[in-house]
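**Q** Below: one structure in structure tokens.
The values are calculated or read from the model by the stated rules, or taken from the named source; none is laboratory data. Source: prediction; values computed, not measured. All Cβ positions, even for glycine, are placed from backbone atoms using ideal geometry, and neighbour counts span all protein chains on display. Accessible surface is based on the protein model in full, side chains and every heavy atom, while ligands, DNA and RNA are left aside. Shrake-Rupley method; radii C 1.70, N 1.55, O 1.52, S 1.80 Å.
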Amino acid sequence: MRAKATRGPLAVAATALLTVTALVALPQSTAHAADTLGSAAAEKGRYFGAAVAANRLGEAQYAATLNTEFNSVTPENEMKWDALEPSRGSFGFGNADRIVDHARSRGKSVRGHTLVWHSQLPGWVSGLGATDLRSAMNNHITQVMTHYRGAIHSWDVVNEAFQDGSSGARRSSPFQDKLGNGFIEEAFRTARAADPNAKLCYNDYNTDGVNAKSNAVYNLVRDFKSRGVPIDCVGFQSHFNSASPVPSDYRANLQRFADLGVDVQITELDIEGSGTTQATHYGNVVTACLAVSRCTGITVWGIPDKYSWRSSGTPLLFDDNYTKKPAYHAVLSALGGSAGGGGDPGTPGAACTAAYTTTEDWGGAYNGKVTITAGSSPINAWSVNVTMTPPQKVSTVWNGSPTWDTSGNVMTVRSSWNGTLAAGASTTFGFTVTRNGGSTAPPQLGPCTAS
Ligand code: G3I
């Protein structure tokens, strides 16, 4: 194990703590933390969605989890070309409609996925010559978007049009090969005409960090913006595993696209793994999105692991029995929410929020960081409960003043020198936890209390 950093004056000793408890008296009136992914994201002005399969909506636990936790939905397969227009000019919207109706009747927004993609493309499309293909593409976009006009928040107009690797070249597809580079622009112009109020996205994978492929997409978006070609958003699929981890420049990459004047969305998030490692990666993805003001929402690519397109990698937030995984708790916490909610539900907006991330992990011990952010008013002091799963024990705390409950598992951390925050401003405190051979669960945060 690597040596642990000791970053602050507050080595934890019960005797020292007695002296700080009297320093800050906090009214309890301002606490309110959202207790679902969707509501926590909404408090941050974002959506939190899931890819959904129409044939699972009849399963009680599936529907209950979807209905409770998510405020956005993406049909996983039901809006693809082979599902909607299996033969030329013959459209079938049944399964897609079922998802859209389910979502919209419960106040959830819908992402449309996807209009022009080389995969899940019926054979009749690939067989067309250029003139017919152009008209089939424009007709498909127009018919589908007209059917759903007003019901779709964002459309993935074109999906995965670039090659992997270092070339930055376009991927070979019927559209690219027969219509040339201009097919993407044509698709976006047709889409804007069909539903002027839907946000129009380009969506791809392996574009999550700065690399040749994301540079190629970046150049496309920059060109579109400079020439007035309609584009509103870029989707970053974010399918991660050990071979394709969350890139260290993830936030910076999202930001550079946002700086072009488009929204960015995390559209198909899943991260293979388990336990604290997976939880940490998920928390970091959420934190990156929250750090980019134009990162407007996150969609995970499925609900329970067993229905994932790569279920053996257990990449989602709920296990096969719909139990919330550590990754779920890390996401909720990073969103500023808290399991079990609590506080005063009538309070209009929290006066402060708390978000947890694991910053270092050595196996036997780890460092945690909590970011405290003031709400729409300045605050003078803050407090948050941090609950450890036994036999985990906190060994050191910095930039905050801790006290413990009698079980020794719940630590209340109050501001020390860093209680005064302007509206919307943040500070952090940190701590080291030893696992003592036990649970890998991350700590749970209670609601942030401010005065
Ligand atoms: O519906 C048929 C069923 O009737 C048939 O018996 C069965 C036999 O294989 O196949 C079923 O269709 C499958 C479909 O999922 C619905 O379950 C397809 O074979 C299967 O290929 C398809 O996989 C989907 C995949 O896209 C296709 O490329 C995954 O569910 C879906 O999660 C995945 O999603 C993509 C995004 O659209 C784009 N980005 C990458 C992402 C992951 O690959």
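**Q** Quick check on this structure: which one of Asp232, Asp259 is among the acidic types (Asp, Glu), open to solvent by 40 Å² or more (accessible area, probe 1.4 Å) and more than 14 Å from the ligand (Cβ to nearest atom)?
**A** Residue meeting the stated conditions: Asp259.
**Q** Could you list all residues from segment 64-83 that are in contact with a strand residue (DSSP E or B) (Cβ under 6 Å, 6 or more places away or on another chain), within 13 Å of the ligand (Cβ to nearest atom) and open to solvent by less than 10 Å² (accessible area, probe 1.4 Å)?
**A** Thr74, Met79
**Q** Could you list, in sequence order, all residues of segment 84-98 that are under 21 Å from Val300 (Cβ atoms) and either among the aromatic types (Phe, Trp, Tyr) or surrounded by fewer than 22 Cβ atoms within 10 Å (Cβ to Cβ) (or both)? Step through it out loud before you land on a result.
**A** Of the residues in segment 84-98, the ones under 21 Å from Val300 (Cβ atoms) are 95-96, 98.
Answer for segment 84-98, where residues must be under 21 Å from Val300 (Cβ atoms) and either among the aromatic types (Phe, Trp, Tyr) or surrounded by fewer than 22 Cβ atoms within 10 Å (Cβ to Cβ) (or both): Asn95, Arg98.
**Q** Then there's this: Quick one: which residue in Arg189, Arg149, Arg171 is of a type in the set (Lys, Arg), open to solvent by 40 Å² or more (accessible area, probe 1.4 Å) and within 16 Å of the ligand (Cβ to nearest atom)?
**A** On inspection, the qualifying residue turns out to be Arg171.
**Q** With the requirement that a residue be touching a residue at least 40 places away in the same chain (Cβ under 8 Å) and either within 19 Å of the chain's Cα centre (by Cα) or more than 16 Å from the ligand (Cβ to nearest atom) (or both), what does segment 54-63 give you?
**A** Hit for segment 54-63 is Gln61, nothing else.
**Q** Would it be correct to say that Leu316 is open to solvent by less than 10 Å² (accessible area, probe 1.4 Å), within 16 Å of the ligand (Cβ to nearest atom), in contact (Cβ under 8 Å) with a residue 12 or more places away in the chain and part of a loop (DSSP other than H, G, I, E, B)? Reasoning before the result, please.
**A** Values: open to solvent by less than 10 Å² (accessible area, probe 1.4 Å): yes; within 16 Å of the ligand (Cβ to nearest atom): yes; in contact (Cβ under 8 Å) with a residue 12 or more places away in the chain: yes; part of a loop (DSSP other than H, G, I, E, B): yes.
Yes.
**Q** Filter segment 31-53 down to residues that are within 16 Å of the ligand (Cβ to nearest atom), open to solvent by less than 10 Å² (accessible area, probe 1.4 Å) and touching a helix residue (DSSP H, G or I) at 6+ places or on another chain (Cβ under 7 Å) and give me whichever is nearest to His102 (Cα to Cα).
**A** Val52
**Q** Can you report the number of residues in segment 98-122 which are within 13 Å of the ligand (Cβ to nearest atom) and among the hydroxyl-bearing types (Ser, Thr, Tyr)?
**A** 2
**Q** Okay, next question. For residues that are open to solvent by 30 Å² or more (accessible area, probe 1.4 Å) and either among the hydroxyl-bearing types (Ser, Thr, Tyr) or without any contact (Cβ under 8 Å) to a residue 60 or more places away in the chain (or both), tally how many sit in segment 439-451.
**A** 3
**Q** Tell me yes or no: at least one residue of segment 123-139 is within 13 Å of the ligand (Cβ to nearest atom) and not hydroxyl-bearing (Ser, Thr, Tyr).
**A** No, segment 123-139 contains no residue that is within 13 Å of the ligand (Cβ to nearest atom) and not hydroxyl-bearing (Ser, Thr, Tyr).
**Q** For segment 290-303, what are the residues that are out of contact with any Leu (no Cβ under 7 Å at 6 or more places or on another chain) and either within 11 Å of Val331 (Cβ to Cβ) or open to solvent by less than 50 Å² (accessible area, probe 1.4 Å) (or both)?
**A** Leu290, Thr296, Gly297, listed by residue number.
**Q** Which residue pairs have Cβ atoms closer than 7 Å, lie 6 or more positions apart in sequence or on different chains, and pair a first residue in segment 104-123 that is under 25 Å from Phe70 (Cβ atoms) with a second residue that is of a type in the set (Lys, Arg) and within 16 Å of the ligand (Cβ to nearest atom)?
**A** Final answer for the pair search is Thr114/Lys80; Trp117/Lys80; Gln120/Lys80.
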